[in-house]
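Undergrad: There's a structure below that I have some questions on.
The values are calculated or read from the model by the stated rules, or taken from the named source; none is laboratory data. The structure displayed is predicted, hence computed values, not measured ones. Quick reminder, even Gly has a Cβ in these numbers, built from the backbone with ideal geometry, and neighbours come from all protein chains shown.
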């Protein structure tokens, strides 16, 4: 009876008024032509979400973690590898070109995020290289005059404390946040300590400056090799971007400038630091100049971008390369039919120009029912690790070529009041795919363009009054089957998420259930729970991760994840 009550009663779900990730043109939630999953800050506060990584997990994409919280995670969308996803903050790309293992080293906390938008399906035609599987866009909040404080303590000596403030300064709006989190770890060599610092300055919708810093020190038990379990890693991430909006009649110029620095200090054996120790310093500078025309018969965006990538590494050497991109996109509405073509070309040093087309079509059968079709191309340039890495167990390949895919998608969206049902079917064919393969039963691995692979599947999302249901089905097959592969077919065949948030007898009750099954393994369940109690002016919070103490592994099925983990805390917001 309790579960029935939780499912049929509860809070109103607020759909975001516009979605900005599935196209360069902001689009209403009911009208966008791609499969875009959105998770709001309100859901982060209500559901048992304790980190930015958890928030992304609410979209039902695949997260292969190497530990709890925001230590390190590989992100996969529709069977992509962790290198085949674009990460953005307010539409500015912040990918790591040393290695995609650092793709979720994002200098943001739950204090800073308004919502997360996840574009499922190829995104290279819109945003450039790496978007074979999709795009994740973190939209920062725009609150005014708010102070928030959190403090929590949990098992394994977990300690967390954070503070956030937003305040107008004349015609400007400013905000800042700080968060500290640490733990002794849930098993040997899984201790960690983290610092997050973020600030934002904005002026109306014409100026937006974001700066973020993340300091991440952690034991890396078997992160990259089972042969050396006693690994350790320390990373620092700094990111800053400036976006402006200049209007002249029906034309808008929206330039952005960004800088990202990432430091990586890695020990293969922390008990013997001199055995194998390397450091990497990555620098990325980028600028983008999009120009928008809003015409009576169409919307048009044209522009260009430039990106410089530099690496200074004791293991990979010193390297620098640049990318130039040109793009155009249009959206034309003819009665109930919407046509959204895009074309871009990207030029990388040493690889030449690469054209990347994409076409989306949408048809509104009724105010509450939309159908959409998409076909597009994706590609990726090898990372510096793919090209130059050398260790006792892994060897890069400087002769690697780009990898490519062609993606097809058909979907339907039904939206009435507070009820949403979003269904999509897709197919992706990949060629010249880059992966780490072994010819000696896993003793050593080398990066190669070694095979073709096809993926097919479907996604289903249902939202209603604080209820979130997500289901993903995926199947994949590669042409070359004679070699061991580290990442290419490391996916969940079935993935289910059910999360509910309800008020009951003055308490907020929010259970969340995950089910995951790989093609060749048994499925497993994970159950989390959050209970909150308002005691003016604070909220008391009690979280339980993995309630039933399930034993499960992630990241190549070798990283043992935490068992049951209890934590409690307080939240103050004024």
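Undergrad: Which residues, taken from region 463-477, are crowded, with 20+ Cβ neighbours inside 10 Å and outside any strand (DSSP E or B)?
TA: 466
Undergrad: Additional query: crowded, with 17+ Cβ neighbours inside 10 Å, in contact (Cβ under 8 Å) with a residue 60 or more places away in the chain and not in a strand (DSSP E or B) - does that describe any residue in region 430-449?
TA: No, that holds for no residue.
Undergrad: I've got another one for you. Given the criteria in contact with a strand residue (DSSP E or B) (Cβ under 9 Å, 6 or more places away or on another chain), at pLDDT 95 or above and either more than 29 Å from residue 567 (Cβ to Cβ) or surrounded by 15 or more Cβ atoms within 10 Å (Cβ to Cβ) (or both), does residue 480 qualify?
TA: no
Undergrad: Within region 483-518, take every residue that is part of a loop (DSSP other than H, G, I, E, B) and farther than 30 Å from residue 435 by Cα and give me the one that is farthest from the chain's Cα centre (by Cα).
TA: Per the stated criteria, the residue is 505.
Undergrad: Can you pull out the residues in region 137-157 that are touching a helix residue (DSSP H, G or I) at 6+ places or on another chain (Cβ under 8 Å) and not in a strand (DSSP E or B)?
TA: 141
Undergrad: For region 332-352, give me the residue count where each residue is over 27 Å from the mean Cα position of the chain (by Cα) and part of a strand (DSSP E or B).
TA: The total comes to 7.
Undergrad: The conditions are (1) surrounded by 19 or more Cβ atoms within 10 Å (Cβ to Cβ); (2) within 19 Å of residue 31 (Cα to Cα); (3) in contact with a helix residue (DSSP H, G or I) (Cβ under 9 Å, 6 or more places away or on another chain), and residue 372 fails exactly one of them. Which is it?
TA: Single failed check for residue 372: (3).
Undergrad: Looking at this structure, is residue 293 in contact with a strand residue (DSSP E or B) (Cβ under 6 Å, 6 or more places away or on another chain), assigned to a strand (DSSP E or B) and at pLDDT 95 or above?
TA: So residue 293 does not fit the description; no.
Undergrad: Please work out which one of (1) part of a strand (DSSP E or B); (2) closer than 29 Å to residue 186 by Cα is the condition residue 115 fails and give its number.
TA: All conditions pass for residue 115, except number (2).
Matching residues to (1) crowded, with 18+ Cβ neighbours inside 10 Å; (2) modelled with pLDDT under 95; (3) outside any strand (DSSP E or B); (4) under 23 Å from the mean Cα position of the chain (by Cα):
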| residue | (1), (2), (3), (4) |
| --- | --- |
| 354 | yes, no, no, no |
| 358 | yes, no, no, yes |
| 365 | no, yes, no, no |
| 386 | yes, no, yes, yes |
| 408 | no, no, no, yes |
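Undergrad: Quick one: which residue in 238, 275 is closer than 24 Å to residue 318 by Cβ, exposed (fewer than 15 other Cβ atoms within 10 Å of the Cβ) and out of contact with any helix residue (DSSP H, G or I) (no Cβ under 7 Å at 6 or more places or on another chain)?
TA: Testing whether each residue is closer than 24 Å to residue 318 by Cβ, exposed (fewer than 15 other Cβ atoms within 10 Å of the Cβ) and out of contact with any helix residue (DSSP H, G or I) (no Cβ under 7 Å at 6 or more places or on another chain) leaves just 275.
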